[in-house]
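The values are calculated or read from the model by the stated rules, or taken from the named source; none is laboratory data. Everything numeric here is computed off the predicted structure, so don't read it as measured data. All Cβ positions, even for glycine, are placed from backbone atoms using ideal geometry, and neighbour counts span all protein chains on display. All accessible areas refer to the heavy atoms of the entire protein, side chains included, with ligands and DNA or RNA removed. Shrake-Rupley method; radii C 1.70, N 1.55, O 1.52, S 1.80 Å.
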Amino acid sequence: MQRMKRIARPAYMAFLKRWRDQPVVKVLSGIRRAGKSTLFDMYCEELVASGVAPAQIIRINFEDLRFAEMHDYMDVYTYLKPRITGDQMHYVFLDEVQHITAFERLVDHLVIQPNVDLYITGSNAYFMSGELATMIAGRYVELRMLPLSFREYVSGRRMLAPANAPALSALYQDYLHFSSFPYTVFLHQNEQLVMEYLDGLYSSIVLKDIVARLKVADELMLESIIRFVFNNVGNVLSARKVAGAMTAAGRKVSPVTVEKYLAGLRDSLLVYQAHRYNIKGKRHLVTNDKYYVADLGLRTFLLGNSEVDYGHMLENVVYLELLRRGYRVFVGNLPHGEIDFVAQKDGKTAYYQVAASVLDPHTLQRELRPFNQINDQYPKYLLTLDELGNADHQGIQQLNALRWLMEEPATPEAGTNVL
């Protein structure tokens with residue numbers, strides 16, 4: 001059987017190559033089916049092509065039934081010990097390591113071995129939130145992996161149909177509707193297949209990473225909260241506001257329970273929380289954050305196409321792209337209004353406003369107005385889907401969002417943490 005083609009993930013591959021043979025654990029975190037195992041497949045092929053012998057590469061996926069008898073760290077150690085011998089470097093890949101009891105002790109042991117280059121993955125934020133992070137502090141780098149960027153999605157579509165790929169605007173609509181998870185590209189925009197795939201993926205995330213972990217008793221309430229968050233992408237939310245909406249709908253729930261569920265959504269990497277940042281006061285705020293979803297296809301699966309706000313959908317796409325480009329991203333709070341995103345990296349800042357269209361003069365002025373309250377000289381961008389050429393509004397650069405999304409980032413940090 002012919003091997004399925006794979007979509008290149010250049011920024012993530014560059015991260016692995018950059019840290020090869022360095023005495024730190026390479027940690028890949030990301031939502032289920034974002035492509036972590038496939039990235040390892042491609043990287044292992046690169047290792048072999050560079051002269052590494054296959055026997056030097058050890059792969060274990062703890063969701064693979066071949067390793068079902070491994071339950072705790074000693075089981076894995078017993079398996080690895082006779083396979084890591086001699087002075088040659090051994091490349092050890094542990095997929096979904098959170099399934100192994102006390103895996104932190106195994107990782108802590110392997111990272112200090114001079115002949116081991118260690119890579120681990122997990123499909124939620126739990127496995128890096130506790131003892132492991134403490135035990136290997138200062139000895140790991142983390143790559144936060146997301147589903148396909150728009151640029152990667154377009155690359156995949158053009159790879160499958162090089163002569164018949166639609167225009168960027170049509171591909172963007174498919175990107176929103178048919179999902180950014182890599183496997184969905186190979187389902188050829190078959191509505192039934194894509195939605196069935198997302199159904200299984202969504203159920204797996206909710207049941208394995210949220211319900212089981214949090215011991216959720218009221219799954220229907222959790223489902224209602226997920227739908228509410230997905231339906232309010234780009235809107236200011238708080239646990240109290242969500243609880244009030246649930247109560248108004250006839251299902252009473254406390255803000256404490258809502259916050260617990262929201263934390264579960266964040267830790268499953270199903271949603272991302274954008275904190276607010278006071279631009280004038282140069283300080284972070286702790287209330288009324290915004291939430292963005294890891295994949296808008298999942299939003300389509302849950303809510304359908306009714307009441308789609310394309311401005312907020314674009315806002316979601318831009319937020320995730322800024323994360324991919326290595327920025328810390330906040331919602332900018334101003335005395336009179338807000339800036340959609342304050343993006344910070346390497347001590348520098350950039351400001352972004354996002355709108356589906358600003359062809360209407362009143363809309364254009366509304367989007368530009370918050371920039372006038374900012375006195376610093378950091379770059380300011382207005383991203384829209386309008387097909388007009390780039391424009392300059394007294395130093396504020398208006399760019400076509402799709403062309404911006406297709407740019408190759410100058411520094412492809414791919415959402416890394418060095419800790």
Please list, in chain and number order, the residues 5+ apart from residue 393 or on another chain whose amide H is under 5 Å from its amide H, with Hs placed from the backbone. 398
Once phi is turned into θ = phi - 60°, what whole-Hz ³J(HN,Hα) does the Karplus curve with 6.51, -1.76 and 1.60 give for every residue of the range 312-322, x standing for Gly and Pro? 5, 5, 5, 4, 4, 4, 5, 4, 5, 5, 5
Assign one of three labels to the range 127-217, namely rounded, prolate or oblate, based on the Cα gyration tensor with a ≥ b ≥ c the square roots of its eigenvalues; rounded applies when a/c is under 1.5, prolate when it is not and a/b is larger than b/c, and oblate otherwise. oblate
Most packed first (mean Cβ within 10 Å per residue), the peptides 141-152, 300-311 order as 141-152, 300-311
If R0 is 25 Å, what FRET efficiency do you get for residue 266 and residue 134 from their C-beta distance, rounded to 0.05? 0.80
What figure in square angstrom, to the nearest 10, would you give for the accessible area of residue 289 with a 1.4 Å probe? 10
What does the net charge come to around residue 185 if you take all other residues with beta carbon closer than 11 Å to its beta carbon, with K and R at +1 and D and E at -1? +2
Leaving ligands, DNA and RNA out of it, report the carbon-plus-sulfur percent of the accessible area of the chain at a 1.4 Å probe. 52
Net charge dipole size for the chain [Lys, Arg +1 and Asp, Glu -1 on Cβ; Debye, nearest 20]: 620
Rounded to the nearest 20 Debye, what is the dipole magnitude of the range 239-338 about its Cα centre when Lys and Arg each give +1 and Asp and Glu each give -1 at the C-beta? 460
Highest mean packing first, using Cβ neighbours within 10 angstrom, the peptides 181-187, 113-119 sort as 181-187, 113-119
What spacing in nm lies between the two simple spin-label points modelled at residue 303 and residue 204, each 7 Å away from Cα in the Cβ direction? 2.5
Taking the alpha-carbon centre of each part, the distance from the range 12-88 to the range 148-218 in Å is 26
At residue 376 and residue 310, where each label point lies 7 Å from the Cα along Cα→Cβ, what is the point-to-point distance in nanometres? 3.3
Dipole in debye (nearest 20) - the range 124-246, about Cα centre, beta carbon charges: Lys, Arg +1; Asp, Glu -1: 380
Partners for residue 36 among aspartates and glutamates (Cα-Cα distance below 15 Å; same-chain residues under 8 apart left out): 45, 63, 64, 95, 96, 142, 152
Per-residue ellipticity at 222 nm for the chain, helices alone: DSSP H runs ≥ 4 residues times -39500 (n - 2.57), over residue total, nearest 500 deg cm²/dmol? -11000 deg cm²/dmol
Send over a whole-number figure in Å² for the accessible area per residue of the range 1-105, probe 1.4 Å. 52
Which order, highest average first, do 93-106, 215-228 follow once you tally other Cβ atoms within 10 Å for each residue and take the mean per peptide? 93-106, 215-228
Work out the charge dipole of the range 195-334 with +1 on the Cβ of Lys and Arg and -1 on the Cβ of Asp and Glu about the Cα centre, then indicate which of 236, 249, 316 is farthest towards its positive end. 236
Segment residue 348-residue 334, length gained on full extension (0.36 nm per residue, minus Cα span): 3.1 nm
What is the chain's relative contact order, in percent, from Cα pairs under 8 angstrom and six or more apart in sequence? 16
Euclidean distance of C-alpha centroids, the range 322-372 and the range 299-319, integer Å: 18
Among 298, 39, 12, which residue has its Cα furthest toward the positive end of the charge dipole of the chain, with +1 on Lys/Arg Cβ and -1 on Asp/Glu Cβ? 12
Which entries of 215/290; 17/380; 290/348; 26/290; 280/345; 26/380 have Cα-Cα distances beyond 24 Å here? 215/290; 17/380; 26/290; 26/380
